[in-house]
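Colleague: One structure is given below, represented as structure tokens, and several questions about it will come after.
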Amino acid sequence: MTFTPHTDSEVEEMLKAIDVKRIEDLFQEIPESFRFPDLAIPSKLTEIEILSELQEIASANATTGDMPCFLGAGAYDHYIPAVVDMLLRRSEFYTAYTPYQPEISQGTLQAVFEYQSLICSLTGMDVSNASHYDGATAAAEAVILAYHFFRGKRKKVLLSRAVNPQYRQVIRTYMHGYEDLQITGDNQATSLESDLETIKRQIDPDTALVLLQYPDFFGRIYDYASLIDAAHKVGALVAVAINPTALGMLTPPGEFGADIVVGEGQPLGLPLSYGGPYLGLFATKSRLVRKIAGRLVGKTRDIDEQPAYVLTLTAREQHIRRDKSTSNICTNQGLMALASTIYMSLLGKQGFKHLANLCYQKAHYAAQQIDKLDGFEVVYKNTPFFHEFLVRCPKPVSMINLALQDYMILGGFDVFEDYPELENHMLIAVTEKITKNEIDAFCETLEKVTHD
Amino acid sequence: MRFPKELKFEKSDEWVKLDGELATLGISDFAQNQLSDVVYMEITAESGDTVSKGDTLGTVESVKSAAEVVFPLSGEVVEVNEALADQPEILNSDPYGEGWMIKIKPSDPSELEALMDSNAYEKYCQER
């Protein structure tokens, strides 16, 4: 056996099979100037020189430690207690790969077990897997699960338009090959006020899954019970995408009928860090347990009657299902799941409730103050919201945000690109890290940069 | 290991018992023994389905692995053993009786002829 993966004749044969002349032709999609660029690499430097150059480059960035952050839209700037990183940076944890001889790694299994238990109590669900990449891919996995649950016989998936637009994009990417599956419900023409009624009307016996967000993308909190009932009446499954922090004060989806809960775990002690690595939360009711990707860890006793942790279920993984496996997600974001476990354990039940309440109160104070500003209006002020809210601004959000940077303030999310009817609308998030002084300064600055 | 005389067998370890117009299907004693403790049986075929020989009937999962079960005959599915969903261990304790999986109305008698009789299957198992 040679270590050459492909001989010239094999390459030839493969190219012929797909009707392509040269390997280079496969890269036609990439603009030519980016295909084989000349890299302008400067000449060598000493370690002292390179360090100072890199520090200079890095100092051009401002972090959320330097400026208050009102940007959310799915990832949130919460305080991360020092002990999270301190424990996480133990080499036993951060060098470990997914345990292929799982029972030998009792520490890792215990961490996964604790993580799964915490996610179940937070969401009110029966089982949680050991995580997905992020909230968006967890949402896509809910669609895959629902499709296979009905063995491909139900061909419709309904997405609320108030689900994070990025989640909806990732779902469509993941489901690209499922040609008979119709992913719909989030039509641009649907008004964001009547989104839920529109979804409800479209539920029929061909519906496999309805996906809702809680609180929704605009921070709004709705009672989904009757919508979920309507879906269950025709046998459809319902997935709810959550913000875990909000569950410190809201009724968990498991208590109002959700079959699947997905979510972005980043708020649970993970840094914003340019968008990753994050943590995809995924939990279901017991009846779907065999359809879950990844691993479930259980607690038992060994022959000496000592507590021991085992892989209880890996129903879709390759080591049990061989060539028929439909997932290789395994323990996935193990280190991130561990970080969230440390974070949740540290806060405890009361601390977590307190955290949610702080976010809620501060956001409501901010909304009240901003609503008073000349030219600004909080859009859904009669709908309950958690720690994020939509504001109509007197000028384009991109301009306001640029001006705010001069005052060292990171403004909110410009929703215009994803929701064309919402020109000049900013989505503002407030976490426990933001002080009252910072909110007041934010308001003053908003007024200043829009009325000069 | 039991190889009942009245049954016919497929190479992929399914058994067939013809009873008038209907054929009952399941997996053999040899198969359940190889799988060891069965923890889950998912039958994906439903009553009324028209199936061809070789189509997937379902998946049987044991503590060791998961295996596909296929139809050894073409025909129309008449009945599914719902009890297996809650008590998959019957496949270990009584593979030829309570552990039956599906009843079908065969559409091609020649397929039945092509299956192994119990002697041939026993020999086939010993050689593996």
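Colleague: For segment B:53-105, which positions are crowded, with 22+ Cβ neighbours inside 10 Å, assigned to a helix (DSSP H, G or I) and in contact (Cβ under 8 Å) with a residue 60 or more places away in the chain?
Modeller: Passing the criteria: only B:Leu91.
Colleague: Now for a separate question. What's the total number of residues in segment A:291-309 that are surrounded by fewer than 16 Cβ atoms within 10 Å (Cβ to Cβ) and either within 14 Å of another protein chain (Cβ to nearest Cβ) or in a strand (DSSP E or B) (or both)? Break it down into steps so the answer makes sense when it comes.
Modeller: Our first condition is that a residue be surrounded by fewer than 16 Cβ atoms within 10 Å (Cβ to Cβ); within segment A:291-309, this holds for A:298-307.
Cutting the leftovers down to either within 14 Å of another protein chain (Cβ to nearest Cβ) or in a strand (DSSP E or B) (or both) gives us A:298-301, A:307.
Adding up the residues that qualify gives 5.
Colleague: When the residues of segment B:22-52 are narrowed to those that are of a type outside the set (Gly, Ala, Ser) and in a helix (DSSP H, G or I), which ends up farthest from the other protein chains (Cβ to nearest Cβ)? If you could, list the steps in order and put the result at the bottom.
Modeller: Residues of segment B:22-52 of a type outside the set (Gly, Ala, Ser): B:22, B:24-25, B:27, B:29-30, B:32-35, B:37-44, B:46, B:49-51.
Filter once more, keeping what is in a helix (DSSP H, G or I): B:29-30, B:32-35.
Details: B:Asp29: 23, B:Phe30: 19, B:Gln32: 17, B:Asn33: 19, B:Gln34: 14, B:Leu35: 12 Å.
My answer is B:Asp29.
Colleague: Right, something else. Only residues in segment B:115-128 that are more than 10 Å from B:Phe3 (Cβ to Cβ) count as the first member; pair them with residues that are among the β-branched types (Val, Ile, Thr), Cβ under 8 angstrom, at least 6 apart or cross-chain, and list the lot.
Modeller: Final answer for the pair search is B:Leu115/B:Val16.
Colleague: Go through (1) over 21 Å from the mean Cα position of the chain (by Cα); (2) touching a residue at least 12 places away in the same chain (Cβ under 8 Å) for A:Glu114 and report which single condition fails.
Modeller: Of everything listed in (1) over 21 Å from the mean Cα position of the chain (by Cα); (2) touching a residue at least 12 places away in the same chain (Cβ under 8 Å), A:Glu114 misses just condition (1).
Colleague: Pick out the one residue from A:Leu346, A:Leu338 that is part of a helix (DSSP H, G or I) and either surrounded by fewer than 22 Cβ atoms within 10 Å (Cβ to Cβ) or within 14 Å of chain B (Cβ to nearest Cβ) (or both). Outline the logic, then answer.
Modeller: Working: A:Leu338 fails: either surrounded by fewer than 22 Cβ atoms within 10 Å (Cβ to Cβ) or within 14 Å of chain B (Cβ to nearest Cβ) (or both).
Result of the check over A:Leu346, A:Leu338: A:Leu346.
Colleague: Check segment A:242-254 and report whether any residue there is touching a residue at least 60 places away in the same chain (Cβ under 8 Å), assigned to a helix (DSSP H, G or I) and of a type in the set (Val, Ile, Thr).
Modeller: Yes: segment A:242-254 contains one or more residues that are touching a residue at least 60 places away in the same chain (Cβ under 8 Å), assigned to a helix (DSSP H, G or I) and of a type in the set (Val, Ile, Thr).
Colleague: Among the residues of segment A:42-64, which ones are assigned to a helix (DSSP H, G or I), surrounded by 10 or more Cβ atoms within 10 Å (Cβ to Cβ) and among the polar types (S, T, N, Q)?
Modeller: At the first step, the residues of segment A:42-64 found to be assigned to a helix (DSSP H, G or I) are A:47-58.
Now drop any that are not surrounded by 10 or more Cβ atoms within 10 Å (Cβ to Cβ), which leaves A:49-54.
The answer is A:Ser52, and nothing else.
Colleague: Looking only at segment A:416-440, count how many residues are part of a loop (DSSP other than H, G, I, E, B) and either surrounded by fewer than 22 Cβ atoms within 10 Å (Cβ to Cβ) or in contact with a Gly (Cβ under 9 Å, 6 or more places away or on another chain) (or both). Walk me through it before giving the result.
Modeller: In the first step, residues of segment A:416-440 are kept if they are part of a loop (DSSP other than H, G, I, E, B); the result is A:416-424, A:430-435.
Of the ones still in play, those that are also either surrounded by fewer than 22 Cβ atoms within 10 Å (Cβ to Cβ) or in contact with a Gly (Cβ under 9 Å, 6 or more places away or on another chain) (or both) are A:416-424, A:430-433, A:435.
Counting residues in segment A:416-440 that are part of a loop (DSSP other than H, G, I, E, B) and either surrounded by fewer than 22 Cβ atoms within 10 Å (Cβ to Cβ) or in contact with a Gly (Cβ under 9 Å, 6 or more places away or on another chain) (or both) gives 14.
Colleague: Looking at A:Thr98, A:Thr190 in this structure, which one is more than 28 Å from A:Val297 (Cα to Cα), at pLDDT below 95, in contact with a helix residue (DSSP H, G or I) (Cβ under 7 Å, 6 or more places away or on another chain) and assigned by TED's automatic domain parsing to the domain that holds A:Ala315? Spell out how you get there, then give the answer.
Modeller: Values: A:Thr98 fails: more than 28 Å from A:Val297 (Cα to Cα).
None of the other options fit; the residue is A:Thr190.
Colleague: Please enumerate the residues belonging to segment A:394-452 that are charged (D, E, K, R), closer than 25 Å to A:Leu355 by Cα and out of contact with any strand residue (DSSP E or B) (no Cβ under 8 Å at 6 or more places or on another chain). Step through it out loud before you land on a result.
Modeller: Narrowing segment A:394-452 to residues charged (D, E, K, R): A:395, A:406, A:414, A:417-418, A:421, A:423, A:432-433, A:436, A:438, A:440, A:444, A:447-448, A:452.
Filter again for closer than 25 Å to A:Leu355 by Cα, leaving A:432-433, A:436, A:438, A:440.
Across segment A:394-452, the qualifying residues are A:Glu432, A:Lys436, A:Glu438, A:Asp440.
Colleague: How about segment B:63-88: which of its residues are within 14 Å of chain A (Cβ to nearest Cβ), more than 13 Å from the chain's Cα centre (by Cα) and among the small types (Gly, Ala, Ser)?
Modeller: Hits for segment B:63-88 are B:Ser65, B:Ala66, B:Ala85.
Colleague: For A:Asp186, which of the numbered conditions (1) part of a loop (DSSP other than H, G, I, E, B); (2) in contact (Cβ under 8 Å) with a residue 40 or more places away in the chain; (3) farther than 25 Å from A:Ala339 by Cβ fails to hold?
Modeller: Just one mismatch for A:Asp186, condition (2).
The values are calculated or read from the model by the stated rules, or taken from the named source; none is laboratory data. What you are looking at is a predicted structure, and each value in this text was computed from that prediction instead of being measured. Because the Cβ atoms are built from the backbone with ideal geometry, glycine has one as well, and the counts that use them run over all protein chains shown.
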